[in-house]
1. Please verify whether residue 118 is at pLDDT 95 or above, farther than 24 Å from residue 260 by Cβ and not β-branched (Val, Ile, Thr), treating the condition exactly as stated.
2. Does residue 202 count as under 16 Å from the mean Cα position of the chain (by Cα), modelled with pLDDT of 90 or more and farther than 21 Å from residue 263 by Cβ?
3. Residue 306 is checked against (1) of a type outside the set (Phe, Trp, Tyr); (2) assigned to a helix (DSSP H, G or I); (3) without any contact (Cβ under 8 Å) to a residue 60 or more places away in the chain and fails just one. What number does that condition carry?
4. Taking the stretch 309-343, which residues are farther than 19 Å from residue 285 by Cβ and in contact (Cβ under 8 Å) with a residue 24 or more places away in the chain?
5. What's the total number of residues in the stretch 128-165 that are farther than 16 Å from residue 27 by Cα and free of Cβ contacts under 8 Å to residues at least 40 places away in the same chain?
6. Taking the conditions exactly as written (part of a loop (DSSP other than H, G, I, E, B) and closer than 25 Å to residue 320 by Cα), does residue 280 satisfy them or not?
7. So if I check each of 197, 217, which one is surrounded by 13 or more Cβ atoms within 10 Å (Cβ to Cβ), without any contact (Cβ under 8 Å) to a residue 24 or more places away in the chain, under 16 Å from residue 148 (Cβ atoms) and not acidic (Asp, Glu)?
8. Evaluate the following for residue 96: is it out of contact with any Lys or Arg (no Cβ under 7 Å at 6 or more places or on another chain) and within 17 Å of residue 18 (Cβ to Cβ)?
Amino acid sequence: MNLTERVEERALEIGFDFVGFAPTRSALQADAFRRWLGAGCAAGLSWMAKDIERRLNPGAKSVIVAGLNYFVQVPPPEIWNDPSRGRIARYAWGEDYHNVMLPMLSDLAEYVRVEAGRPATFKAYVDTGPVLERDFAVRAELGFIGKNTNLIHPDFGSYVFLGEILTDLEDANFLAPDDRRTSLRLFKRQSCGRCRRCLEACPTQAFPEPYVLDARRCISYLTVEHKGPIPEDLRPRMGHWIFGCDECQQVCPWVIRFSKPGQQRFLRFDENRCAPKLAELMALDEAGFRERFSGTPVLRAKRGGLLRNVAVVLGNWGEPSSVPVLKKAAHDPNPLVREHAHWALERIRRGVIRSSWTCRTPMTPDFS
């Protein structure tokens, strides 16, 4: 086997679901990325505007792109559609993927170092460094970018984690002909066609146009990265999402047809972690929050951010029995929690119509 084949085999042994190789030339989407930043679509993600030239051309000679499929089984509808529960996006249904993937990438880099037979440098990233990972994934022939801006892989759809290893090894080391990649080369020419399901499914209309995501309106950004108050006009559109959002992915035909559970074992559906009771979350103090979500991505929102989101969802539900817990939250030490609790209480006081809330877009829609 050539080096490409040996590294592919080792990546699968380590636990990755797929791997690809590409030269680190200038980013394919460089102009689009600059326009996106210039339009303010990065919202509060100010770090995206730092080291722009390094992000567009990181200077290494080759990149190894490895991925994990994180599709998990469809939750029981009686749990997932229970209006007394909040929803957490699939990627956060367990241990933080950064902590899982970085050691795996380090193992793979060490293998390449030995197999290359000469000194080489490596730098691994899991969506935290100045790397346009989806751009590299497309260049590595691992799929195409969908209208919802996610990478779509032929075997796993868009529920994939990506990690990169930048190296000073010549790209020729990894680009030897390989007949097994023919299907990926053909798939690279695929696209979303005329489909607009992801754009139409977005509750907050966060896609001003296909292939452009405005983070200022994205539920995932607002519930995870955003540190301030959620804009009032967007709060009713959040539905029951308290951390992240999967709306634009779960309606994608590529996801519906091709997504299947992967070999990873660090994510699984647990109703208390993935669709927790809203009243229980609203009662969490700092210690309780850290204990309940220790080691998971939910910690990124911090207690104040999560309870802010929970208050919004309680307001969207409009259930009068939520008033006692919201009244207590209205005196929370965190002003962010207090403000959103008051908003929810006022919404319930005005008599927002309560209904048996159901999923705006079912987890497994039937498009036949």
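1. Considered against the rule, which asks whether it is at pLDDT 95 or above, farther than 24 Å from residue 260 by Cβ and not β-branched (Val, Ile, Thr), residue 118 comes out as no.
2. On the way: under 16 Å from the mean Cα position of the chain (by Cα): yes; modelled with pLDDT of 90 or more: yes; farther than 21 Å from residue 263 by Cβ: yes.
Considered against the rule, which asks whether it is under 16 Å from the mean Cα position of the chain (by Cα), modelled with pLDDT of 90 or more and farther than 21 Å from residue 263 by Cβ, residue 202 comes out as yes.
3. Failing condition for residue 306: (3).
4. Filtering the stretch 309-343 for residues farther than 19 Å from residue 285 by Cβ gives 312-313, 315-321, 323, 342-343.
Selection gives 312, 313, 315, 316, 317, 318, 319, 320, 323, 343.
5. Counting residues in the stretch 128-165 that are farther than 16 Å from residue 27 by Cα and free of Cβ contacts under 8 Å to residues at least 40 places away in the same chain gives 1.
6. On the way: part of a loop (DSSP other than H, G, I, E, B): no; closer than 25 Å to residue 320 by Cα: yes.
When the stated conditions are applied, residue 280 does not pass them.
7. Numbers: 197 fails: without any contact (Cβ under 8 Å) to a residue 24 or more places away in the chain.
Residue meeting the stated conditions: 217.
8. Details: out of contact with any Lys or Arg (no Cβ under 7 Å at 6 or more places or on another chain): yes; within 17 Å of residue 18 (Cβ to Cβ): no.
Criteria not met by residue 96.
The values are calculated or read from the model by the stated rules, or taken from the named source; none is laboratory data. In this text, all values refer to a predicted model and were calculated from it rather than measured experimentally. Please note: Cβ atoms are built from the backbone with ideal geometry, for glycine as well, and neighbour counts cover all protein chains shown.
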